[in-house]
Amino acid sequence: MAQTQWTDDRIGQFVAVDPVVDRMRSLRAAWHPADGVAVFNRVYLTVTEEIGHAIAAGAFGDRRAAATLDVRFAERYLAAVDAHGAGRPGPACWRPLFHYRRHPGVTPLQFALAGINAHIGHDLALAVVDACRTLECAPADLEDEFDRVGDVLVLLEERIREELLPGPDLLEIADPLTHLLGCWSLDRARDGAWLAARSLWQLRALPGLAGEFTERLDRSVGLVGRMLLTPLARP
């Protein structure tokens, strides 16, 4: 399956988010609801729809910058889906989720957070650089849009935890899922993504070093994802 592309002129018209939403809706219809990637896809679809509404409502100071960042961000996830569908390995950060997507011992909450970990920990940094190249600007020029998108993601994480927590037993401090989830933070992942984006931008004239940095980032985020997907529920 070929990677979907969205042209810059559509971004300029502020409708670039629509093809992203359409693609994720088609994936939602094609996958079983219990599929681990489908769980993340539903979560991310909700985020993308909310960001699209916010852009249309003028919540972002620079609509074109916000739409560009949002689309470049989504393209990274959809490229991982396309790579898997074509039998290619894809980024290391996404491999655990695709590998464990049907494991009966992994909870929906774990699937959702593993996808968010891959998408924010790895994809967001690269999406910032992609957007900067498209807009011919520096990361600092996108900081407001980055922060606004991050605020939506934080609210979404709270909703995910409320909707996908397995029950009151999770409040027990000895519960392994409580311990596992306490080891991961969206705020820290977002801060790390911003630092990685700025670092990659500074390394853009050194492609070899930038490639090594990206590869190490990919692998480290993938390791966290593998830990988040540790089977905890009884099949």
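The values are calculated or read from the model by the stated rules, or taken from the named source; none is laboratory data. All of these numbers come straight from a predicted model, not from anything done at the bench. When the accessible area is computed, the model is the full protein with side chains, heavy atoms only, and any ligands, DNA or RNA have been set aside. Shrake-Rupley method; radii C 1.70, N 1.55, O 1.52, S 1.80 Å.
When the accessible area of the chain is split by element with a 1.4 Å probe, what percent falls to carbon and sulfur?
54 percent
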| What do you reckon, how do Glu163, Glu143 stack up by accessible area (1.4 Å probe), largest on top? | Glu163, Glu143
| Placed amide H near Ala59: partners under 5 Å, 5+ positions off or other chain | none
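How long is the gain from Leu223 to Asp187 if the chain were fully straight, where each residue apart is worth 0.36 nm and the alpha carbon distance is subtracted?
On the way: separation 36, 0.36 × 36 = 12.96 nm, distance 1.83 nm.
Full extension of this stretch gives 11.1 nm more.
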| In sequence order, calculated HN-Hα J values of the stretch 80-87 (Karplus, 6.51, -1.76, 1.60; Hz; x Gly/Pro) | 5, 4, 5, 4, 5, x, 8, x
| message | From the helices alone, meaning DSSP H stretches of at least four residues, give me the mean residue ellipticity at 222 nm for the chain, per-run term -39500 (n - 2.57), in deg cm²/dmol to the nearest 500. | response | -22000 deg cm²/dmol
| query | Cα-based Rg of the chain per 2.2 N^0.38 Å, rounded to two decimals? | reply | 0.99
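Leaving out ligands and nucleic acids, and using a 1.4 Å probe, what accessible area per residue does the stretch 87-133 come to in Å²? Walk me through the numbers on the way to the answer.
Working: 1430 Å² over 47 residues.
I get 30 Å² per residue for the stretch 87-133.
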| said: Per residue of the stretch 198-209, what does 6.51 cos²θ - 1.76 cosθ + 1.60 with θ = phi - 60° give for ³J(HN,Hα)? Whole Hz please, x for Gly and Pro, Karplus curve as stated. | reply: 5, 5, 5, 5, 5, 8, 4, 7, 10, x, x, 5
